[in-house]
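Before any comments, here is the structure.
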Amino acid sequence: MRISAVDAYSAYLFHQGTNYSSYRLFGAHLTSWKQQSSVRFCVWAPHARAVSVVGDFNGWDVKANPMEKAKQGIGIWVAYVPGLKENSTYKYAIETASGEVILKSDPYGFAAELRPNTASIVKNLHYQWHDKAWQKSRKDYDSYHNPMLIYEVHLGSWKRDAAGKVMTYRDIAEPLVQYVKEMHYTHVELMPLCEYPYDGSWGYQATGYFAATSRYGSPEDLMYLIDTLHKNKIGVILDWVPGHFCKDAHGLRHFDGEPLYESGNPILAENKDWDTMNFDYGRPEVQSFLISSACFWLEQFHLDGLRIDAVANMLYLDYGKKQGEWQANKYGGRENLEAVDFLRKLNTAVFKNIPQALMIAEESTSWPMVSGPADKGGLGFNYKWNMGWMNDMLRYMAMDPLFRKGSQNLITFSLYYAFAENFILPLSHDEVVHGKHSLLDKMPGDYWKKFAGLRAFYGYWMSHPGKKLLFMGGEFGQFIEWKFDDSLDWHLLDYPAHQEMQRYVKALNLFYNQHPEFWQVDYNWQGFNWISCDDNENSVISFYRKGVKPEDQTIVVCNFTPEIRRGYRIGVEEPGTYTVIFNSDDSEFGGSGEGNKKPVLSDPVACHGKEQSITLTLPPLAVLYIKFEKPKKRKTTKRKPKGSIKADSKESTDKAGLRKKTMRKISDK
């Protein structure tokens, strides 16, 4: 990897908040110094009296390898250690303004020791990539008009080895790729992999923003996993957390003895809800640090996108705080103006360097234009999680069907704002922990109704405008909540109901990928038309999904009650034949097998504001996908009447004209 010189230009950009590859300047880099193989160490610690490099190579002696202040920049310290080998462990020994010496891991370190050890590791990132075809395909990739079906994975608990131990990046690569391909997902989203000390944080409280967690192997092992996914045409998204960082002593908090990466104002700095520290987005050096981290993962690890966690925590000064625990901005509002500017700057920088990147905001409020262009007043992301849809639908599906008739708005309200952003519909890990129950166990009723309800929910979810994300285990009906320290319950696939659920999701995913109407026009009304949204008495909705081509359209009918509804009439746009091509109640998926087995002809009976209509049998707790087929035109052959003679003379032509005039006169009378 090319490194930057410790020069005036690199330092200037860093202090301006515009050095978006500052990882080439800071950290530990193998290089040559005075004609010797050496490691150059570089760290930013402006409040320090002195800094030195300590590690296994010098017996952790604070005096052995002192660092010098660089002539360029402010508070940049540099040291060269000749003869040092890759994989050596190290920290920075920082003498604070008060004279205390503290040991800190490298904020820009490329690798770290396995917990509970906390030292950084000298690492030269070298991997021979084999995803050239994938990278070439991304240059012209238009995610908005292509299918996006994301499988969210926590590597430590997706699947463990026979002894119950965590699998490495390399070990998990082949089985994960094979499974994702078989299930027809287009992308994998990996929960945070920036180094973190506490397993129970799932990676959302990091210490190393340039170090892949050592829990699953080396950085090159992670590159192998990503490379393997790419070679199999599977995109990779990483959860990334620029909102806050953990308080652990070896991390970023009070890095040089004073607030540096966090604000000097304790009210702004501390995040009491999560017992973490918030980044100071107004400090240019922090901007360089964070934006460089984003670009580092996208460029050096070939990631296709980042899902940015907890954006609402960044946007609002009062997020998670009680009255009196926060300070208003200079205009008296609760918006964090510096965070807003940072997010715009982040997204602008990323798209300038990696135009095809996916930048996805997990933002849970109604902040406008999250996926709007930064230069038009938006935050600059290209996608936003639709948390409103998710909360409404999970609340609706958890209801006893008897009471759903009074809550029809929970299904339909999302269409009031469905095209205000570029949405992803998430069914993520957050919804299956902390007493919320698994998706399957959220469904009311007996065992059969739980599975039927979940199939119906998935059928509606797949046909609703927006890209899709499902957390691992949801595809086969994981019955208990997710446990980060154990494998998914793959043994459930020994039971027919779970086999059928997995078969259903596999078929549903394939249907989605093969039908452009479900993803081609996701972000305006041209791709969606209601047929009926107000039949709350029966808890039934119906609508069209449409693609660019006229023939790419599917009617979706959802029955959210366990009642079979025979002779149910819906309006349709054209006369012809209508065939059920997908039924969530099919017996192969564990359903009752109810529904229309044969094509249905439309009737010239007005319904739902349309002149034509069809009658259907709606299975219990089920979703139907219906395809339209125009009536075929009959071929007709013109025959000459027997004994006819061609009017090939002037006389016969005159007679024919006379007959026409005579007929007009008769009709006039």
**Message:** With 10 angstrom as the radius, rank Tyr281, Tyr460, Tyr12 by how many other C-beta atoms surround their C-beta, starting from the fewest.
**Reply:** Tyr12, Tyr460, Tyr281
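In what order do Ile581, Ile226 fall by count of nearby beta-carbon atoms within 10 Å, going from fewest to most?
On the way: Ile581 13, Ile226 26.
Neighbour counts put them in this order, fewest first: Ile581, Ile226.
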**Item:** Within straight-line cross-link reach of Lys549, aspartates and glutamates at Cα separation under 17 Å, skipping those fewer than 8 residues along the same chain
**Value:** Glu517, Asp522, Glu573, Glu574, Glu629
**Fill in**
One finds the C-alpha centres of segment 49-75 and segment 385-431 to be spaced, in Å, by 55 Å
**Complete:** Note to self: C-alpha centroids of segment 334-348 and segment 454-500 sit apart, in Å, by 36 Å
**Message:** So I have [x] 29.1, 99; [y] 36.9, 160; [z] 31.4, 124, and one of them is Rg and Dmax of the Cα atoms in Å calculated from this model. Which one is it?
**Reply:** [z]
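Output the pairs from Lys376/Lys610; Lys159/Lys467; Lys104/Lys352 with a Cα-Cα distance over 29 Å in this structure; if there are none, say none.
Too far apart for the 29 Å limit: Lys376/Lys610; Lys104/Lys352.
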**Backbone N within segment 65-92 under 12 Å of label point (7 Å from Lys34 Cα along the Cβ vector)** = 80-83
**For Asp61, residues with placed amide H under 5 Å, excluding near neighbours** = Gly55
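Quick one: of Lys450/Lys546; Lys436/Lys597; Lys132/Lys181, which pairs are farther than 28 Å apart, Cα to Cα? Could the numbers behind the result be given before it?
Numbers: Lys450/Lys546 30 Å; Lys436/Lys597 38 Å; Lys132/Lys181 19 Å.
Exceeds cut-off: Lys450/Lys546; Lys436/Lys597.
Counting alpha carbon pairs within less than 8 Å and at least 6 residues apart, what relative contact order, in whole percent, applies to the chain? The partial results should precede the final answer.
On the way: 1408 pairs, mean separation 64.6, N = 669.
Contact order relative to length: 10 percent.
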**Asked** What's the extension gain from Ile581 to Ile267 if we count 0.36 nm per residue and subtract their Cα-Cα distance?
**Response** 107.3 nm
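Note down the relative contact order for segment 17-58 as a percent, whole number, built from C-alpha pairs under 8 angstrom at least six residues apart.
28 percent
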**Request:** Grab the beta carbon distance between Phe484 and Asn409, set R0 = 35 Å, and tell me the FRET efficiency rounded to 0.05.
**Result:** 0.50
**Request:** Report, in degrees rounded to the nearest 10, the 0 to 90 angle that the Cα long axis of helix 169-182 makes with the longest principal axis of the chain.
**Result:** 10 degrees
**Request:** Amide H neighbours of Phe528 under 5 Å, at least 5 residues apart or on other chains, H built in the peptide plane: list them.
**Result:** Lys546
**Message:** Can you compute the modelled spin-label distance between Arg115 and Lys165, with each label point 7 Å from Cα toward Cβ, in nm?
**Reply:** 1.9 nm
**Complete:** Computed ³J(HN,Hα) along segment 282-287: with the Karplus parameters 6.51/-1.76/1.60, θ = phi - 60°, integer Hz and x for glycine or proline, the list is x, 8, x, 5, 5, 4
**Message:** Taking the 0 to 90 degree range and rounding to the nearest ten, how far is the long axis of helix 219-231 tilted relative to the main principal axis of the chain, both from C-alpha atoms?
**Reply:** 20 degrees
**Message:** Just want to confirm a number: the relative contact order over segment 8-121, from Cα pairs under 8 angstrom separated by 6+ residues, in percent.
**Reply:** 24 percent
**Complete:** Simple SL model, points at 7 angstrom along Cα→Cβ for Tyr416 and Asn524; separation in nm is 2.4 nm
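Could the peptides 285-291, 607-613 be put in order, highest first, of the mean number of other beta-carbon atoms found within 10 Å of their residues? Let's see the in-between values first.
Values: 285-291: 23.7, 607-613: 15.6.
The packing order, highest mean first, is 285-291, 607-613.
Taking the highest mean first, how do the peptides 259-269, 161-171 order by number of other beta carbon atoms within 10 angstrom per residue? Could you put the intermediate results ahead of the total?
Working: 259-269: 17.7, 161-171: 14.0.
So the order, starting with the most tightly packed, is 259-269, 161-171.
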**Item:** Projected label distance in nm at Asn391 and Glu325, using a 7 Å step from Cα toward the beta-carbon
**Value:** 1.8 nm
**Neighbour-count ranking [beta-carbon atoms within 10 angstrom, fewest first] of Tyr185, Tyr316** = Tyr316, Tyr185
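Need the full-extension length gain, Lys627 to Glu174, defined as separation in residues times 0.36 nm minus the C-alpha distance. One decimal, nm. Write out the running numbers ahead of the final one.
Working: separation 453, 0.36 × 453 = 163.08 nm, distance 3.72 nm.
Working it through step by step, the gained length comes to 159.4 nm.
Mind ordering 137-148, 618-629, 213-224 by average Cβ neighbours within 10 Å, highest first? Working shown, then result.
Details: 137-148: 14.5, 618-629: 23.1, 213-224: 20.5.
Ranking the peptides 137-148, 618-629, 213-224 by packing returns 618-629, 213-224, 137-148.
Every read-out reported here was derived from the displayed coordinates using simple, explicitly stated rules and does not represent laboratory data. Worth saying up front: this structure is predicted, and the values here are computed from it rather than measured. Neighbour counts run over all protein chains shown; Cβ positions are idealised from the backbone, glycine included.
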